[in-house]
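Worksheet: the structure to be examined is printed underneath.
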Amino acid sequence: MNLRFTKMQGAGNDFCVIDATQQALTLSPAQLQRLGDRRFGVGCDQILVIESSSTPGVDFRYRIFNGSSGAEVEHCGNGARCFVRYVNEKGLSAKRSITVETVNKRLELHLRDDGRVSVDMGAPIFDLARVPFNAEGLSPRLQGGFELWPLADLGVEVAVLSMGNPHAVMLVDDVDQSPVAQLGPQVETHARFPRKVNVGFLQIVSRSAVRLRVFERDAGETLACGTGACAAVVAGMRLGMLDAAVEVQTHGGDLKIEWAGANASSAALDAPVIMTGPAQTVFEGEISL
């Protein structure tokens, strides 16, 4: 089959975007892997499929597939920004704010006048069973009222939470010197995370600025990770180290993360995380799969 696609990127996190609003699209894992392959296909971190929605109040359905494994995944913040720019540029919607549903969440996406996109990423999840994370037999160290969980066999501590997908966040002194390539896959596949985990390496620069590298589940290190940025900043806020609005520097570009639950009472922990950043079209094409 011949498949039309649009290559997009948000802070260096790159995507193949496919319009499936007019007819159903079914690709096998092997075809998805071919599309995501950087040597034999187009190459991308994730494949985003836009579908029509029959749910009242929802503009589109949004499906996300890992470009390396072809597996469907729960959430991708940088992809969500590309999603809203795509539907606007393609005339699928003239609205500046749209609502989309993913496999497990509903997102509010807003195209700003300066060309950036803001995404309501929903509230972070701290229930360990929902992350999921197996804390049986572990004793966390509290900092700022939030838990740092020991992975004793690796000699590290991680803050654990979900942004619709699982994240483990480590505090580091210098992201440039952090052993991301070695430690990232060890944490990603650790037995304490039954569905694997995205691994964030977080360097605090000031109360309003951080540097971040993320080793993504089933993808390896990427230039940026939207949900990873949200998770890392929320963790830093709950550890008492960050204020309510933070600029995140990644290798692919800068993101702004805001959360009303920072340094607040437990009643505010269900406030949504707002992420703002770039989204750009790179090129369009057709591939035979």
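Any idea how far the Cα center of segment 53-122 sits from the one of segment 28-43, in Å? So the separation of the two Cα centres works out to 22 Å. Relative to a virtual label point 7 Å from the Cα of Ala71 in the Cα→beta-carbon direction, which members of segment 145-161 show backbone nitrogen distances below 19 Å? Label zone hits: 161.
Given 0.36 nm per residue, what is the gain on full extension from Ala152 to His251 after removing their alpha carbon distance, in nm?
Values: separation 99, 0.36 × 99 = 35.64 nm, distance 2.92 nm.
Net length gain for the segment: 32.7 nm.
Accessible surface computed residue by residue for the chain, with neighbouring protein chains in place and a 1.4 Å probe, gives 41 Å² per residue.
I need the Debye-formula profile for the chain: one equal scatterer per C-alpha, no solvent, reported as log10 I(q)/I(0) at q = 0.07, 0.09, 0.12 1/Å, two decimals. One equal scatterer on each Cα of the chain leads to -0.24, -0.40, -0.72.
With an 8 Å cut-off on Cα pairs and a minimum separation of 6 or more residues, tell me the relative contact order of segment 1-155 in percent.
Values: 257 pairs, mean separation 23.2, N = 155.
Contact order relative to length: 15 percent.
Normalised by the number of residues in segment 130-238, the average gap of Cα pairs under 8 Å and 6 or more apart makes the relative contact order 24 percent. Selection among Ser93, Leu109, Cys230 by position relative to the dipole of the chain gives Ser93 as farthest towards the positive end (Cβ unit charges, Cα centre). Surface composition of segment 194-289: carbon and sulfur make up 49 percent of the accessible area, probe 1.4 Å. Size of segment 53-146 from its Cα atoms: along the principal axes, largest to smallest, the extents are 54, 32, 29 Å. Under the criterion of Cα pairs below 8 Å and six or more residues apart, the relative contact order for the chain equals 22 percent. Relative to the longest principal axis of the Cα atoms of the chain, helix 77-89 runs at roughly 30 degrees.
Straightening the chain between Thr281 and Ser28 buys 88.5 nm, computed as 0.36 nm per residue apart minus the Cα-Cα spacing.
Taking every Cα-Cα distance in segment 112-243 and sorting them into 5 Å bins starting at zero, the pair-distance distribution P(r) comes out as 2, 11, 22, 25, 21, 12, 4, 2, 1, 0, 0 percent.
Mind checking the dipole of segment 1-137: about its Cα centre, +1 per Lys or Arg Cβ, -1 per Asp or Glu Cβ, Debye to the nearest 20? Computed charge dipole of segment 1-137: roughly 400 debye.
State the percentage of accessible surface on segment 90-173 attributable to carbon and sulfur atoms; use a 1.4 Å probe and exclude ligands, DNA and RNA. Display every interim value, and only then the final one.
On the way: 1800 of 3880 Å².
On segment 90-173, the fraction of accessible area on carbon and sulfur atoms equals 46 percent.
The values are calculated or read from the model by the stated rules, or taken from the named source; none is laboratory data. Not measured: the values here are computed from a predicted model. Every residue, glycine among them, receives a Cβ derived from its backbone with ideal geometry; neighbour counts consider all protein chains shown. Just the protein is used for accessible areas: all its heavy atoms, side chains included, with ligands, DNA and RNA removed. Shrake-Rupley method; radii C 1.70, N 1.55, O 1.52, S 1.80 Å.
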